[in-house]
Each structure stands twice: as structure tokens, then as C-alpha cells.
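To keep things clear, I will list the structure first and then write my remarks on it.
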Amino acid sequence: MSASAAITPGDPCVLVIFGASGDLTRRLLLPALYHLACDGLLSDRFAIVGCAMDEWTTDEFRQRMTVQVRQFTTRAPFDEATWSTFVQRLHYTPARFDDADAFVRLRTIVTGLDAEIGAGGNVLFYMATPPSVFGLVSRSLHHAGFDVLGPGWKRVIVEKPFGHDLASAVELNREMLTYWREDQIYRIDHYLGKETVQNLMAFRFSNGMFEPLWNRNFIDHIQFTVSESVGVEGRGGYYETSGVMRDMIQNHMFQMLAYLCMEPPVSFAADAVRNEKAKLLDAVRIMGPLEIARDAVRGQYGPGRGPDGAPLAGYRQEANVSATSGTETFAALKLHIDNWRWEGVPVYLRSGKRLWKRGTEIVVQFKRAPDVLFRASGADQIDNNRLIFHMQPDQGIELRFHAKVPGTLLRLQNVNMRFSYGDAFQASRAIGYEVLVYNCMIGDATLFSRTDLVEGAWRIAQPLLDAWSKSTPADFPNYEAASWGPKHAFDLLERDGRRWVEIINRDVLERVPLFAGADPLFLNELLLILEPDVFEPGEYIVREGEEASVMYFIARGEVAVESHAGTVVGTLSGGDYFGEVGLLHAQPRNASVRAITQTDVFLMKRRAFAKVVGQRPEFAESIERIANERYSIAPTTAPK
Ligand code: BG6
């Protein structure tokens, strides 16, 4: 990642794509190259040679890409003029990766193009292939004499997954390093192509106000969430051998962890940054069996219903997935970083497929201010300040803190300040591969993984993979498709007196009928005070006779309201709420509520409830009125 201001086109080169007939090439790589062409970031002396087993001709390759780049570009309108020049740079040659003659033909094509366009002998090989053939392709290139070809540079980009576990990653590194030098190998992690991920470093090291606080003295804990609403998208066969630990956590999430927590590098030179990332991963405590049993949660989605009510298959019902599969589609972990800066600051990570929403967020939760001054006021509780990085699909940074509620009393409310990329920048939407391929063309390896980083990440993941491969949890599947994930993931933080910060938006709140059409200021307030929780089928959420301390809003699921005798007197589901009567009347619970299905709820705790009711008479009136209708209770005043 160059820190210089001048943007110049990449070096002249011939780009050879292995796996050119595959999904990655048409969906990501070619559209990204076309974007680079639109931005003037490709050299005039540039050509592409597609290579794969399909017996296509150059014309066929050009025709197919003309259709597919149009389909997968993220930019509109399509730049016909740029494409008509770009498409002339595309060439194709069929090859089996173990066919020596085919590689000799490839060499003839590459040297011919090199001479024709004047690429100076620079050749970039892109392995858009399964990792099982990285070694084979490297060997075939070597035997065809590519590594001694001409004067220019030779570089290779390899796609993830880089290895299947620690041992295979070490072996793959060894094999690759037989044919290439470390500085020629560019291992891609597409998360590093995301603007918001690159911004972590820019944010930390260009703003003087945060870095002094970035340590155990001021930070309580850190949360990383990568939530996906999609399932395995037809990739069941691959996913069965992967699971979320290999697919998301070992690579993308550990990369973000490294950027967020590493020490400042001495410069932005590739190795200076990569040294710090590697040191950080080395400091992550390796989990033993006890920690895994206590601090790691795995989940698998079962059938459920999407937000539109349409049925969604469970993981075990997906194509090419075993009906008894033990593969985890969700995981949550509590990690520790054993270094001077982070000692004692837990880092929680979670990721899963088929969750209620798509969203990648990082929450840095600061320690609370002492509440001596506000304790006396009773209704105000000092909350933690939070810095939230919205990585995708929302892109921005949010700071949550307290402000005085206008009025004669000194009352506090959680408020936020938010920076959105869309408001500040006019950048065209990128795929993420643009910056990666461009950086490789200019020889900047900052955004690529080095041998030690890849192996360091596997070292952290390996004990979990080992432990999880031994058994399939009896409760699998343990979360419903389109839900908030398994309950145990919530327990993991609750046990430490903490909670996941669930980023909700107004649309979600407005689906709760009580809030539909509510004043936007009120909705903003609610976004900052509601807390998420999950209950399993059969679990009691409140019990008759208990002291009332929380009001519940059902986001999804169904609960039974049970009378004293245990008979069901009613059911409530998504959009309904309960628990307000005990709070309104400061009385014990007059009924029990039990989850029938997995139930995801927002909690409003007593203090927040009292404040909302005190400040929003219209809210107090509507819940009072509904409570009266529901339970035939005489109205009283709001709680103090
Ligand atoms: C890929 C995983 O690496 O990342 C997919 O193999 C996952 O399973 C994808 O869906 C997520 O990427 P993004 O950019 O959509 O967050």
C-alpha cells in the first residue's frame, strides 16, 4: 500500500491467469482489471493470457468476458471505449497443468506478447485455481523455463485457502518456496483489498487522539463480528471441508485483528507492516482443551424462515452436505493477546452464515468513567464509550458517548457521532481486487500475507480445528437460519458481564409495531439502548413471581405466556413485546414466558425503561393502554 501521493499506472507486464475459465476470473478478477483500465492504472504495455483446461480460443475468451465483465462490474455506465481497447489485450491458451507441451506453448505466447508490447520481461502469474495445484503449476512453469525468462520481474499471486491446516500450510509454503523467492509470492486475502480494512491502519496512525488510548489502560475489550445472511451458496462440498474457522476466521478475521491491535510499524514498507502483524499473531495465546471448552462456541444453522417468511434450508439440507454433518457454520471465540499492550483485554470474535443480517463490525469498548458523580441521580448509569468500525455493507466509523439531556436536570443519554464514507468521499465502488492486483504490479507486498503470517494464523486456529474434528455437538443444528446465532455465543460474553453490541438500524426497529412511525429522535435513542439476547426453545425468559428488571421486544421467534397453573394463556411472536407490566407497576412478574422456538429479543433494562417512560409520555401511554387491554390492569403512574 503506497503512502505516496502520485498515482501512476502499474508496471508493464504480461498477466497469466491460471483458472481463467473459472468463477473468480469472471466475477472478480476481470472486472477489477477492467476498473483499473478505466482509472488509467494499467500500463499501455499490458496483456493478459488466460489459461485453463477448457478448449477455448482467444475469440471465445474475449466474447465470454465481454458478457461477464458487463454483468459483474460494480460501475455504471459501462465504459465501451475502454473495454474495446482492453478486450484486445485478452488472449487464451488451453492447458492441463501437468502438460509440459502446453507450458512450452504458453511460454512461446508470453515471450511473443512480451516482445510485441514491450513488457520488459515482467510476468505476473495469477493462480485462480484450487490450492492443490499451486505446486504443480509452479513446477510446470519452472520446467518450461519461465523463472529464467528475460530480464524483468516474475511474481505469483495465489488465492486462499492457503493450506487446510497448519501442517498443510507449512508444506505448501515449502513447496512454493522451492520455485519462488518469498518476495515473489503474493498471497491474497481479499479482505485486505477492502477500503475499510486498509483504513484501520490509516485511522490508528494518522489520528493523534486515539493511539494514546489504544491499550489495556483504557480499553475494556474488543469485539469483531462478521455476520453473513447468505448460506453456503451452492458451495456445500467445499464448505464441508472448511467450516467458518477455516473460511473466515483463520484468514479474514485474524487479518483485521492484526491491523487493529498491532504495534505501529516503523514505516509503511511492506516488511515493516508485516513484521508487526506477524508479531501480533504470535502474541495471541494458543488455546488448550480447557480454554476451548470454555471460550469457544461453535454453531450450525438449522432450517428457518427469512425476513420475508420464505423457508430457508438448514445446513444439513444444503446440496453436497452430509445429513449428519458436524461442520461449524458459526463460531465465537474469546482470545487473549499476551503482550504488554493488551494483557487482560479480551478479544471476542464471531462469524457465521445464515444469520439475521449481513454486517462486519469491530467494536472497541473503552473502560467506563467512574460513576461517583451520577450515582446519586439514580436513573443514570454510566455506560462504556464505544468506537465502532462499520466495515460493510455500511462503511463508516461511529463514536458512542454520553451527552446531557437538554433541560433543567443533569440527566445523561447515550448519543453517537458518525462518519460515513458515502458522505465524505466520491470513490467509485470497487471490488477490492483492484488495489491488490495493482499493488502486485508495482511490487508492493504490504497487503499480502507472508509465510510467517499465514503459519501464525494457522497456529492459533489449529487447536480449535483439532478439538472440533473429534466430535459433532449433540445440539447441532443449534441456531435457526436467519436468527441471531446460537445462544451459547451470547452466554460467552454474559458470563464476563458483557454483551455483543448488535448493530441495529431503524428498519429493524420499525418492524416492531410499537415503534413503527415513531419520532426519529426516539428511534435513534432506542438504537443505542436496546441490547440483544437469544433464548433457546423451551427456555424460560421470565418466571412468575420474579422481580421485573427488563422489558423484552421480540425480534423473531415465538413465546408462550403461561399462567400460574402452567397453562398457556397466549402466544407472542416477532414484533410483540412483553415484560412491561412488572416494570410499569414495580411489581413481580405475574406470568411466566417461555420460548417456543429460538427467540431473539431486544432487552430494555429497568433504568433505560424508566428513562424512556419518563421522557416519552406517548410511549408510556401506548404501552400502558396495550397492557390494560391485554391484561385488564388498572392504569397507574409510570415507575420512578
Ligand atoms: C470468502 C468466503 O473468503 O469470503 C465466503 O469463502 C464468504 O464463504 C466471503 O462469504 C465473504 O466475503 P465478503 O467480502 O462478502 O465479506
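Pairing the Cα long axis of helix 606-615 with the longest principal axis of the chain, what angle in degrees results, from 0 to 90 and rounded to the nearest 10? Helix 606-615 sits roughly 80 degrees off the main axis of the chain. Mean projected area of the convex hull spanned by the Cα atoms of segment 182-311, taken over all viewing directions: 12.0 nm².
Close amide-amide hydrogen proximity is noted between GLY306 and LEU312, each under 5 Å apart and 5 or more residues distant or on a separate chain (H modeled in the peptide plane; Pro and chain starts excluded).
May I ask for the equivalent-ellipsoid semi-axes of segment 52-209, computed as the square root of five times each C-alpha gyration tensor eigenvalue and listed largest first in whole Å?
Working: eigenvalues 159, 131, 56 Å².
Semi-axes, largest first: 28, 26, 17 Å.
Against the longest alpha carbon principal axis of the chain, how many degrees, from 0 to 90 and to the nearest 10, is the axis of helix 451-469 turned? Taking the Cα atoms of the chain, the angle to 451-469 is about 50 degrees. In segment 20-43, which residues have a backbone nitrogen under 13 Å from the label point lying 7 Å from PHE78's Cα in the Cα-to-Cβ direction? Answer for segment 20-43: 31.
All Cα-Cα distances of the chain, cut into 20 Å bins from zero to the largest, leave 17, 46, 28, 8, 0 percent in each bin in turn.
For a quick check of your reading of the filter: which GluC sites (Glu not before Pro) in segment 38-97 sit in a DSSP loop and have no more than 14 other Cβ atoms within 10 Å? Can you show the working numbers first?
Working: sites: GLU55, GLU60, GLU80; in loops: GLU55.
Qualifying residues, ordered by number: GLU55.
Based on the reciprocal of the average 1/r between different C-alpha atoms, the Kirkwood radius for segment 370-410 equals 12.6 Å.
From the C-alpha coordinates alone, can you work out the Kirkwood hydrodynamic radius of segment 562-629, in Å?
Working: mean 1/r = 0.0747 Å⁻¹.
Kirkwood hydrodynamic radius for segment 562-629: 13.4 Å.
Put simply, the C-alpha atoms of segment 166-221 give a gyration tensor, and the ellipsoid matching it has half-axes of 35, 16, 11 Å, longest first. Gyration tensor over the Cα atoms of segment 145-247: the corresponding equivalent ellipsoid has semi-axes (square roots of 5 times the eigenvalues, largest first) of 33, 24, 14 Å.
Suppose we keep just the DSSP beta bridges with both residues in the chain; what percent of those would be antiparallel, to 5? Percentage antiparallel, nearest 5: 65.
What's the exposure ranking of SER351, SER132, SER168, going from fewest to most Cβ atoms within 10 Å? Walk me through the numbers before you get to the answer.
On the way: SER351 25, SER132 10, SER168 15.
Neighbour counts put them in this order, fewest first: SER132, SER168, SER351.
What lysines could a cross-link reach from LYS470, if we take a straight Cα to Cα line under 29 Å and drop same-chain neighbours fewer than 8 places away? Cα-Cα hits under 29 Å: LYS160, LYS334, LYS353, LYS487.
If you rank ILE188, ILE504 by fewest surrounding Cβ atoms within 10 Å, what's the result? Don't skip to the end; give the middle numbers.
Numbers: ILE188 25, ILE504 19.
Placing the least packed residue first, the sequence is ILE504, ILE188.
Taking the 0 to 90 degree range and rounding to the nearest ten, how far is the long axis of helix 195-206 tilted relative to the main principal axis of the chain, both from C-alpha atoms? Here the helix axis deviates by roughly 80 degrees.
In plain terms, the chain from ALA376 to ARG204 could stretch by 58.2 nm, reckoned as 0.36 nm per residue minus the Cα-Cα distance.
DSSP assigns beta bridges within segment 107-190; of those with both partners inside it, close to 0 percent run antiparallel.
Contact order, relative form, for the chain: 13 percent (alpha carbon pairs under 8 Å, 6 or more residues apart, mean separation divided by residue count).
Amide H contacts of GLN300: THR329, ASN478, TYR479, each under 5 Å away and 5 or more positions distant or on a separate chain (H built 1.01 Å from N in the peptide plane; Pro and chain starts excluded). Where the alpha-carbon atoms of segment 525-609 are placed on the principal axes, they occupy 38, 27, 16 Å, in descending order. The Rg/Rh ratio for segment 119-205, using Cα coordinates for both the radius of gyration and the Kirkwood hydrodynamic radius, is 1.05. For segment 235-283, what log10 I(q)/I(0) values come out of the Debye formula at q = 0.30 1/Å, with one point per alpha carbon and no solvent? The Cα Debye sum returns log10 ratios of -1.05. The chymotrypsin sites (Phe, Trp or Tyr not before Pro) of segment 289-368 meeting both criteria, a DSSP state outside H, G, I, E and B (loop) and at most 16 other C-beta atoms within 10 angstrom of the site's C-beta, are TRP340.
Taking segment 371-458, which chymotrypsin sites (Phe, Trp or Tyr not before Pro) meet the DSSP loop condition and have no more than 15 other C-beta atoms within 10 Å?
PHE425
Hey, got the dipole for segment 302-409? About the Cα centre, +1 on K and R Cβ, -1 on D and E Cβ, debye to the nearest 20?
In total the dipole reaches around 80 debye.
To the nearest 20 Debye, how big is the dipole of the chain about its Cα centre, given +1 on the beta carbon of each Lys and Arg and -1 on that of each Asp and Glu? Mind dumping the intermediate values first?
Details: 68 positive and 79 negative charges, 174 e Å.
I would put it at about 840 debye.
For LYS611, a cut-off of 17 angstrom between C-alpha atoms picks up these lysines, skipping any fewer than 8 places away in its own chain: LYS404, LYS640.
Stokes-Einstein diffusion of segment 368-512 at 4 °C, 1.567 mPa s viscosity, Kirkwood radius from Cα pairs, rounded to a whole number: 62 µm²/s.
Each of ARG285 and ASP475 was given a label point 7 Å from its Cα along the Cα-to-Cβ line. The distance between the two points is 2.3 nm.
In a simple Cβ point-charge model (Lys, Arg +1; Asp, Glu -1; nothing else charged), segment 236-365 has a dipole of about 360 debye relative to its Cα centre.
Calculated translational diffusion coefficient of segment 398-479 (4 °C, 1.567 mPa s; Stokes-Einstein with Kirkwood radius over alpha-carbon pairs) equals 67 µm²/s.
Bear in mind that the values in this text are calculations on the coordinates, not laboratory data. All values reported here derive from a predicted model rather than from experimental measurement. Counting neighbours? That spans all protein chains shown, and the Cβs are built from the backbone with ideal geometry, glycine included.
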